[in-house]
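What follows draws every value from the coordinates through simple rules; no lab data is involved. Everything numeric here is computed off the predicted structure, so don't read it as measured data. Note: ideal-geometry Cβ built from the backbone for every residue, glycine included; neighbour counts use all protein chains shown.
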């Protein structure tokens with residue numbers, strides 16, 4: 001039986017800092033890089049190679065991201081730096097290495113992710129078709145393009161550096177074919193094999209991000225070919241269930257209380273999925289949806305298409321049980337008949 | 001000859017006897033009272049007592065009130081104007097009572113609210129930490145896909161609060 005997911009975020013930052021100062025800390029041992037391409041499928045292997053390139057090379061780069069925000073284009077320019085096997089983003093505020101990720105919190109660090117690549121994620125080929133062809137140079141480097149398609153329509157176009165495999169560009173398209181996000185390296189310097197090994201930051205023993213056993217009675221398959229990859233403790237009693245279809249991912253967070261609409265940050269827009277009111281945010285990461293149903297608050301973060309989002313919101317809102325098991329069951333059962 | 005009865009309550013009939021003595025009864029009542037006095041010793045004794053008191057009172061000399069007595073009564077009235085007497089404003093009393101009632105009702109309402117708050121669990125609404133959700137999600141994307149495109153969006157302002 002899966003326990004209901006409960007979030008207790010109050011005082012998290014303070015608690016984390018106090019614990020960082022007083023509790024035992026552990027340092028993550030530097031593990032062997034997961035640079036080897038492990039997937040047999042060529043497309044999956046290409047992503048494995050891109051991940052390995054970040055770990056195996058050092059570089060300084062500037063990434064420009066454009067995204068669609070309710071009919072208005074937005075963009076941001078972000079610095080990235082890979083050194084000693086670790087990737088630093090946003091001036092070093094975010095650090096990643098070998099599938100693990102940390103976020104600077106005050107004078108210390110907290111964990112965002114603590115496990116490497118999910119081997120249980122479905123293959124890209126299971127849901128999509130992929131076309132390969134040479135692409136235009138990006139930051140003066142020849143690229144190889146993967147056009148990932150579904151129903152003869154490109155949903156994502158990815159450009160890889162021919163020499164190193166580093167991902168240099170990524171375009172995402174909505175169900176209608178309209179572009180929703182574009183990422184490009186606009187500067188890349190110092191690309192060379194790495195010299196040293198990362199010294200991972202020390203975090204508290206109870207830092208979030210650890211993987212939990214997937215509940216036995218959780219149905220694994222979601223609408224649109226999404227597979228339940230894992231369950232994680234976000235922090236405290238919070239749990240994240242993460243689904244993947246091989247290209248896109250869906251994280252669903254739920255809290256056992258109705259939503260405080262008035263406390264939501266500005267910048268969102270109310271949309272309706274059927275008769276469900278949903279607050280929608282569009283940002284560089286993708287789409288954030290939050291809504292309430294049956295005295296529960298749901299938050300879905302995903303880069304999946306609007307068609308898949310609609311199916312998820314509809315299914316979760318139909319759940320009429322306070323237990324997460326029932327929520328998952330309602331999500332999956334309607335699409336298990338096919 | 002029959003002995004007269006002795007049964008009449010003299011107190012109850014003092015007024016009738018006094019009126020009989022003053023000749024104020026009508027002829028039928030006069031005749032009835034004559035018969036009672038003649039046939040009842042109690043009535044006869046009562047008549048004699050009332051008659052003797054009347055005679056004593058009428059024999060007293062006239063008494064004049066002390067000099068200045070009436071004037072003093074008038075002077076007391078003049079020295080104590082009406083406004084100096086305690087006055088009760090009925091409107092004010094009604095308003096005070098109304099305010100008192102309102103206060104009592106308000107206190108009861110507060111008490112009831114406190115009682116409900118203690119007994120009935122309140123509905124606590126939640127504020128999801130959207131920014132944290134996005135960071136965690138993107139870290140997963142970076143771990144299972146490409147680290148640069150997964151984490152770079154976290155460098156852009158999300159404006160999602162926590």
Other chains' Cβ within 10 Å of A:73-81 residues: what's the mean?
-> 3
Simple spin-label estimate for residue B:60/residue A:176, 7 Å along Cα→Cβ, in nm, reads 11.9 nm
For residue A:277 and residue A:318, compute 0.36 nm times the residue count separating them, minus their Cα-Cα distance, and round to one decimal in nm.
-> 13.5 nm
Within 10 Å of each residue's Cβ, count the other Cβ atoms and sort A:199, A:152 from fewest upward.
-> A:152, A:199
Here the whole-number average of other chain Cβ atoms within 10 Å per Cβ of A:45-54 is 3
Project the alpha carbons of the range A:90-161 onto their principal axes and report the range along each, largest first, in whole Å.
-> 48, 35, 18
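Using only atoms on other chains, find how many Cβ atoms lie within 10 Å of each Cβ of peptide A:84-92 and report the average.
Rounded to a whole number, the mean comes out at 3.
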What spacing in nm lies between the two simple spin-label points modelled at residue A:45 and residue A:192, each 7 Å away from Cα in the Cβ direction?
-> 3.0 nm
